[in-house]
Structures are given as C-alpha cells and as structure tokens.
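What follows is one structure encoded as structure tokens, with my remarks underneath.
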Amino acid sequence: MGVINLLDSQVSNLIAAGEVVDRPGSVIKELVENSMDAGATKITVEIKNGGITFMRVTDNGSGIARDDVPLAIKRHATSKIKNASDLDSISTMGFRGEALAAISSVSKLRIMTKRCSDETGTVLTSEGPDIIDISESGAQNGTTIIIEDLFFNVPARRKFLKKDVSEGMYVTSIMERLCLSRPDISFKYINEGMTKFATPGSGRLTDAMFAVFGRDFVAKTMPVSTSEDSIKISGYIGTPENVRGNTNLQLFFINKRFVRSKTAYAALKQAYESYVPSDRFPVCVIDITTDPRFVDVNVHPSKLEVKFSNERMIFDLIYFAVRSALVKNIQRPNINVINQRRVDAVNSFVPLGERTLSVKNSQITMNDFHHEFVPNNEEKIKKAEKMPEVQRSVPLNADVKNSPTEIPPKREQDFSWDDLPIKADKAEDDLLPLPQYKIIGELFYSYIVVELTDKVLIIDKHAAHERIIFEEMKRNLHKSALDSQVLLIPIEVKLDAYEFAAINEFSDDIKKIGFDLLPDEEKGIVTVSHIPGIMQNEDVPAFIEGLAASLADGTVNISVTKEMLYEKSLYQASCKAAVKAGKIYNEAHAKWICDKLLVLPNIKYCPHGRPVAFEMTRFELEKQFRRI
C-alpha cells in the first residue's frame with residue numbers, strides 16, 4: 001500500500017495558514033493590503049490583546065459582491081490574477097488567494113461588506129473552516145472584517161505567540177510601514193481603545209512620517225530623488241544625527257510594497273560610510289518605482305524578500321541618490337551646553353558673594369546664578385574647593401616643531417559626479433569665501449575654539465584634519481594639475497603580497513591623488529618619491545600601509561564598485577595622516593585647519609562618521625544665560 005496521502009481541504013488550509021498567518025501582525029498586513037487593492041482611501045485598524053482575541057479592519061473600498069463573499073474565504077480564490085502570465089506583472093498587494101482562506105481556517109471570522117451599487121450589504125460568519133451563516137444586512141459602503149480568537153482551533157500554534165504587548169508592538173510596526181507605503185490613504189490605528197496614530201491621507205510622505213514618527217524625526221531628514229531608465233528612487237533619508245543601533249528604521253518600498261533587499265541595504269550602508277560610525281545605522285524611507293516585470297516578489301510566502309532583474313543598477317541608483325543628498329544638505333550639529341531648568345520666581349537670586357577657589361595657578365570666581373547655592377550651604381562650597389586640577393587651555397603661540405606650513409585656501413575643481421558609473425544629481429561644492437574669525441584657544445590639546453560673527457565653533461582638530469585630507473585627495477582624482485611635492489629622500493614602505501598586489505591594481509588612482517610610487521615586487525617594497533602637498537613626510541608610511549591593507553581587504557567584496565572601494569580605502573587611510581588629539585601643535589597648524597574647514601562646505605563629519613565641529617549661535621548662547 002502506498003504512503004502518500006491526498007490531504008483534504010481542511011488540513012491543506014491549516015498548512016496554508018502556517019505559511020501565510022503566523023501571528024496577528026501577519027493577519028493585519030494581509031487584510032490591510034486587501035483593503036488597499038479594493039481602492040480604499042480610508043482604513044481603520046483596531047486590535048485588542050495584541051490582536052490575539054480581537055482584530056478589526058474597516059475600509060471604504062469597493063466592497064464584495066454577495067455571490068463572491070463565500071468564495072473569498074476559499075483557497076486559491078482571488079480577483080487579482082486569472083492565468084500564469086499575470087504573475088509576470090503583478091501590481092496588486094495580495095494575489096495568491098490564500099490570505100482570507102488561511103485566516104478563516106484558524107479563527108472566528110465575520111465579513112460585513114457592501115458595494116455602492118448594492119441596496120443592502122452582506123454578512124458572513126465562520127468558525128474555522130465552517131461557514132456558519134450568510135445573510136443580508138444594512139452596511140456602509142466598503143468592507144469590515146473582524147477576527148476573533150486567533151488559533152482557537154490550533155492550540156499548538158497559539159502557544160508560540162508572544163505576550164500581548166509584544167504581539168501588539170509587532171502589529172504597530174506593520175501599521176507604520178503600511179502608512180508610509182501609501183501616504184495617499186488615511187490610516188487610523190487603535191490599540192486597546194487608544195488611537196496610536198492617524199495619517200491625513202494627503203499624499204505627502206512627510207505628513208505620514210510626521211504622524212507615525214513625530215516632528216523631531218522629520219526635522220532630521222532630507223529628500224532623495226533620482227531616476228534612470230524605468231527606475232525611480234524617491235523618499236527621505238536621515239541626517240547623520242538621525243541614526244539607530246539597528247536597521248529597523250531602514251524602510252524600503254518597491255512599488256509601494258515594504259520589502260527587504262540586501263542590495264538596497266548594502267547601497268545605503270556604502271553611501272553613509274564616511275558620515276556615520278560603523279556601529280550606527282542611518283534611517284530612511286525610500287520608495288523604488290520600477291516595472292513590476294523587473295521584480296520578483298513571489299520568492300517568499302510573506303512577500304517581504306524581493307529580487308531584481310538588474311541588481312547592479314538598483315545598487316548604484318540608491319547609492320548615488322543618497323550620497324548626493326548627503327553632500328548637498330548636511331549641516332554642522334548644534335551643541336547644547338546647559339540644560340534649561342525652571343527657576344522659582346520668589347527668592348530666585350540669593351546673593352552669596354564672590355568666593356575664590358584655588359585651582360592650580362588659576363582663579364575661578366563663582367557667583368550664585370543657580371538657585372540651589374544658598375547662604376550657609378557650606379558643605380557644597382567645601383566640595384567645590386576640593387575640585388581636581390583643571391586642564392588649562394593650550395596657548396596657540398607655543399613653539400612646537402614639525403608643525404605644517406600655513407597653506408592659504410585655494411579655489412579648486414571639486415569632485416565630479418559625472419565621472420562615476422551612473423550619473424547622479426549634481427553636487428555643487430564650490431569653495432566658500434573665507435569668513436572673518438578669531439581663534440580663542442584650544443581645549444585639552446584636542447578642540448579648537450573659534451569665534452565667528454554670530455556663532456562659536458568647537459572643532460575636533462583630528463576629525464577635521466582627517467576629513468580635509470580625504471576631501472583634498474578625492475578632489476585630486478579629478479584635477480588636471482596635481483598638488484604634489486618631491487621628496488629629497490624617498491620613503492620605502494614594506495608591504496605583504498596581498499597589499500602589494502592591491503597597490504599595483506590601483507596604481508593609476510594612487511598617482512592621481514599626488515603620490516608617485518616605484519614598486520619592487522621582489523623585495524615587496526614600494527618607494528615613494530612624490531607625496532600630496534597636504535601630507536607630512538612622517539605620515540606617509542602609515543598612510544600607504546593603511547591604504548594598501550584596506551584595498552586588499554576590499555577587493556573580495558564584489559558588491560562594491562572599484563570607485564567606491566577606492567574612496568572607502570582613502571578615507572580609512574586618511575586617519576593615519578591626520579594630526580593627533582592630545583598633541584600640541586602651534587598656531588599656524590590650528591589656523592590652517594580652520595581656514596580649510598571654513599571654506600569647504602561639505603566638511604561636517606569625519607570619514608568615520610563623527611562630527612567635525614559643533615556650533616552654538618550667539619542667540620542660543622544668550623538664551624542659555626537668559627539675556628533674551
């Protein structure tokens with residue numbers, strides 16, 4: 001006797017439920033997507049107990065004909081496709097005809113629906129696979145589906161559900177993505193009787209983002225947009241301050257459908273390489289519009305994972321759209337020095353008198369401008385007198401050897417996006433006129449304090465110098481006349497076989513940034529005879545070693561183009577050549593860094609993603625001291 005059994009419809013529906021429905025969130029996703037396909041402009045979602053005991057989705061869509069209502073919960077019954085050829089150009093959200101069948105087989109379900117052309121509506125009630133009742137009833141145009149007691153007849157599956165709060169949070173994340181995928185639809189999401197968020201349905205993505213994530217999130221985003229052939233990229237990306245510890249808020253949509261794409265994630269990561277730290281993840285809400293024939297969304301039951309027929313083009317378009325937006329729009333972050341606190345109006349100022357605290361050859365005069373410093377509070381004063389030694393600011397006229405010669409800023413041809421594989425939006429980056437400024441001093445041998453007309457900058461000299469080197473070398477790649485200097489005594493750098501091979505492969509690019517290298521393959525030595533004018537002799541070995549190592553490691557990554565790999569290696573190596581925090585340099589060096597920083601508008605973050613400088617406006621400073 002054979003061992004293969006032909007399963008009945010009840011068992012096969014339960015299996016389908018396991019593929020399509022694994023938790024309340026997946027039910028909500030399928031039902032809302034059906035509402036979208038029905039042309040709804042208003043959709044309300046309500047859940048209780050994380051959706052386990054109650055879910056309701058109401059829409060104002062086209063509704064379902066009375067004769068079609070019982071068919072809607074049959075497996076492989078759908079209005080979305082008719083034949084195999086339709087699978088090549090799917091434009092609807094749901095299409096398999098399994099969602100309602102799978103959901104109804106593991107829950108108690110009610111469907112209330114009415115078309116605008118019908119005089120009365122239809123109500124269907126079912127428990128598991130059994131239809132209990134179908135009847136006529138008064139109803140509003142559209143469809144309401146109520147799901148109760150999910151997995152009531154499959155206890156083994158129900159015990160794998162998480163706590164109500166966890167399941168509710170998952171539903172919330174599903175709703176956030178659905179709202180962002182269709183800003184033209186007005187969504188309302190209710191959890192345990194409370195409205196979590198509601199979108200206006202204005203069609204503007206920023207309005208949907210504001211409703212879902214709030215004002216601060218939207219304020220720290222910038223638009224991205226580009227197109228090539230039949231592919232269009234549009235949406236918003238976070239500024240370098242708008243980052244997270246994971247990729248949960250990297251939201252990509254293909255033709256309005258939320259998806260996960262390794263290609264899209266990799267392109268975003270590469271674009272932010274020199275703007276955010278490696279352990280932080282930028283946020284984005286990006287929609288990719290393309291011909292449905294070029295996308296396979298049928299590779300996973302949940303339809304989350306997709307494949308493109310041209311992965312390379314998608315990668316390049318996302319990369320250059322994001323990179324271009326970052327170059328054009330980033331600003332220096334503001335610094336908040338003092339947290340504002342409420343001061344009582346009565347007795348808010350109690351004169352304490354001036355007290356002088358000795359701090360190792362310095363004098364600190366403290367006045368009572370904090371209301372907690374009151375007369376007879378001797379214990380706090382004694383604690384203040386025991387303050388540790390304060391590091392004084394470094395005088396900028398210190399005579400220190402090996403400081404660079406002051407180099408006046410020059411107007412130079414900037415990096416051209418036209419030279420990259422795919423043309424992105426132009427990134428205009430002309431040098432700014434050098435403003436008048438005054439160097440106040442240097443803190444902790446690391447931070448230069450600069451006063452401008454209406455603001456103060458605190459500059460991280462290592463981060464700034466690192467980015468300046470990177471930008472200057474990147475600019476040299478596209479200049480006809482190089483800023484290079486000849487070494488009286490050539491420098492030899494020892495490399496291993498892999499590093500030596502990488503240097504050979506990129507020799508032309510390395511020459512373009514101002515180096516002249518003579519490789520000796522037998523000895524594994526590279527002799528450097530010319531270096532960029534921006535670099536010091538003693539920094540050359542570390543730079544060449546770092547560049548070679550990075551290029552050698554990166555050549556195995558086929559997802560990165562040669563141009564991207566070289567740029568990434570360049571900014572990693574630039575760290576080796578930058579001035580070091582904690583080391584004293586003279587005034588000429590500090591002035592040179594300030595001159596460069598203030599005329600190069602795109603220097604806001606170092607190549608590793610740390611801020612180059614914080615700024616505080618005069619207005620903010622006076623507000624902190626309550627002068628205004």
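The values are calculated or read from the model by the stated rules, or taken from the named source; none is laboratory data. Predicted model only: the values in this text are computed from it and were never measured. Positions of Cβ are backbone-derived with ideal geometry, glycine not excepted, and every protein chain shown enters the neighbour counts.
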- Collect the residues in the range 512-552 that are acidic (D, E) and crowded, with 16+ Cβ neighbours inside 10 Å, keeping them in residue-number order. D516, D539, E545
- Query: Within the range 445-452, is even one residue outside any helix (DSSP H, G or I), polar (S, T, N, Q) and buried (at least 17 other Cβ atoms within 10 Å of the Cβ)?
  - Reply: yes
- Item | Hey, V486 modelled with pLDDT under 85, surrounded by fewer than 17 Cβ atoms within 10 Å (Cβ to Cβ) and either of a type outside the set (V, I, T) or more than 30 Å from V450 (Cβ to Cβ) (or both) or not | no
- Message: Within the range 192-202, take every residue that is among the small types (G, A, S) and out of contact with any Lys or Arg (no Cβ under 6 Å at 6 or more places or on another chain) and give me the one that is surrounded by the fewest Cβ atoms within 10 Å (Cβ to Cβ).
- Response: G193
- Query: Restricting to helices (runs of 4 or more DSSP H) lying wholly in the range 164-277: which have 2 or more residues that are modelled with pLDDT of 95 or more and in the same structural domain as N602 (by TED's automatic domain parsing)?
  - Reply: none
- Being surrounded by fewer than 22 Cβ atoms within 10 Å (Cβ to Cβ) and within 17 Å of L326 (Cα to Cα) is the filter here, so list the residues in the range 203-226 that pass it. F217, V218, A219, K220, M222, P223, S225, T226
- Go through the range 20-37 and give me each residue that's assigned to a helix (DSSP H, G or I) and either free of Cβ contacts under 8 Å to residues at least 60 places away in the same chain or hydrophobic (A, V, I, L, M, F, W, C) (or both). V20, V27, I28, L31, V32, M36, D37
- Query: So which of I131, I146 is within 26 Å of A65 (Cα to Cα), in a strand (DSSP E or B), among the hydrophobic types (A, V, I, L, M, F, W, C) and in contact with a helix residue (DSSP H, G or I) (Cβ under 8 Å, 6 or more places away or on another chain)?
  - Reply: I131
- Query: Out of the range 141-161, which residues are farther than 17 Å from L31 by Cβ and surrounded by 14 or more Cβ atoms within 10 Å (Cβ to Cβ)?
  - Reply: N141, F152, N153, V154, R157, R158, L161
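This table checks each residue for (1) surrounded by fewer than 21 Cβ atoms within 10 Å (Cβ to Cβ); (2) at pLDDT below 70; (3) touching a Gly at 6+ places or on another chain (Cβ under 9 Å).
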site	(1), (2), (3)
I558	yes, yes, no
T561	yes, yes, no
S574	no, no, yes
A577	no, yes, yes
K580	yes, yes, no
K596	no, no, no
V599	yes, no, no
E615	yes, no, no
- Counted residues in the range 38-59 being part of a loop (DSSP other than H, G, I, E, B) and within 17 Å of S173 (Cβ to Cβ) come to 1
- Every pair of residues 6+ apart whose Cβ atoms lie under 8 Å, when the first sits in the range 51-65 and is over 20 Å from S107 (Cα atoms) while the second is assigned to a loop (DSSP other than H, G, I, E, B) and among the β-branched types (V, I, T): N60/T41
- Could you tell me which residue of the range 601-613 is surrounded by the fewest Cβ atoms within 10 Å (Cβ to Cβ), considering only residues that are among the aliphatic types (A, V, I, L, M) and in a loop (DSSP other than H, G, I, E, B)? I603
- Message: So for the range 493-503 (the condition being over 26 Å from the mean Cα position of the chain (by Cα), at pLDDT 80 or above, part of a strand (DSSP E or B) and surrounded by 16 or more Cβ atoms within 10 Å (Cβ to Cβ)), does at least one residue qualify?
- Response: yes
- Task: Taking V528 as the residue in question, decide whether it is out of contact with any Phe, Trp or Tyr (no Cβ under 8 Å at 6 or more places or on another chain) and either of a type in the set (F, W, Y) or at pLDDT 75 or above (or both).
- Result: no
